[in-house]
Amino acid sequence: MNIILIGFRGTGKTSVGQILAREIKWSFIDADEYIERRYGFMIAELFEKHGESLFRLLESDAIHELSRLDSHVIAAGGGAVLKYKNVKNLKKNGLVFRLESDCDVIYHRILKDDEAGKSRPRLTTKNLYDEIKSLMEFREPYYKQASDYTINTSKSTPQQVVNNICEILRTKGLIPY
Ligand code: S3P
């Protein structure tokens, strides 16, 4: 069994995943980092040189491979749920937690990451706020359909979110009390 974290950019999948994995002594893998290491490209570079469609193909391959693992916390990229086969692979051996945050919170987190040099490739030609708002709306049914549990991370620290997830894992008997 794996723990899968899905959700829009900036909802805290990587920070939560790292802390969660440490706490339950499982390994953590971020699907984007896996792709970067495997192909030797930064995601932003991949988008710029080869476009989003190639990235989506590599992302599906990566998810297919990662879903064969066991006892891993896996953070999927924000757009991974758009393909049904990715969701199917992730759910085969995974309990899926969707992290969600308000649009304004995501906007400020993404701006902060941009300023820190951790910029994400843009996905539309809209301004950043409108891009987030419209993609969140479009993706909502995909996230909803893919998730077993949803946790709002707008006002919580990553540690609080981890505590929340651990509580669920304990009641399901997946980790000890
Ligand atoms: C994407 C989210 C990114 C990354 C790529 C595309 C998306 O992952 O996979 O830039 O379509 O929302 P994060 O959600 O980890 O930022």
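The values are calculated or read from the model by the stated rules, or taken from the named source; none is laboratory data. This structure is a prediction, so every number in the text was calculated from the model and none was measured. In this analysis, Cβ positions are derived from the backbone assuming ideal geometry, glycine residues included, and neighbour counts consider all displayed protein chains. Heads up: the accessible areas ignore ligands, DNA and RNA and are worked out on the full protein's heavy atoms, side chains in. Shrake-Rupley method; radii C 1.70, N 1.55, O 1.52, S 1.80 Å.
Below, the figures for the structure above:
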quantity	calculated
Close pairs (6 angstrom Cβ cut-off, 6 or more residues apart or separate chains): basic (Lys, Arg) in the stretch 129-157, more than 13 Å from the ligand (Cβ to nearest atom) anywhere	Lys133/Cys103
Unique residue being away from the ligand (no atom under 11 Å from the Cβ), under 20 Å from Val162 (Cβ atoms), free of Cβ contacts under 8 Å to residues at least 24 places away in the same chain and assigned to a helix (DSSP H, G or I) when the list is Arg37, Arg22	Arg22
Residue list for the stretch 25-34, filter: in contact (Cβ under 8 Å) with a residue 40 or more places away in the chain and either assigned to a loop (DSSP other than H, G, I, E, B) or among the basic types (Lys, Arg) (or both)	Trp26
The stretch 56-79, subset in a helix (DSSP H, G or I), open to solvent by 10 Å² or more (accessible area, probe 1.4 Å) and touching a helix residue (DSSP H, G or I) at 6+ places or on another chain (Cβ under 7 Å), residue farthest from Tyr142 (Cα to Cα)	Leu58
The stretch 80-90 - residue that is among the hydrophobic types (A, V, I, L, M, F, W, C) and either within 10 Å of the ligand (Cβ to nearest atom) or without any contact (Cβ under 8 Å) to a residue 40 or more places away in the chain (or both) and, of those, most open to solvent (accessible area, probe 1.4 Å)	Leu82
Residues located in the stretch 40-55, provided they are part of a helix (DSSP H, G or I), over 15 Å from Asn86 (Cβ atoms) and hydrophobic (A, V, I, L, M, F, W, C)	Ile43, Ala44, Leu46, Phe47, Leu54
Extreme residue, nearest to the ligand (Cβ to nearest atom), among residues of the stretch 91-109 that are open to solvent by 10 Å² or more (accessible area, probe 1.4 Å) and assigned to a helix (DSSP H, G or I)	Arg109
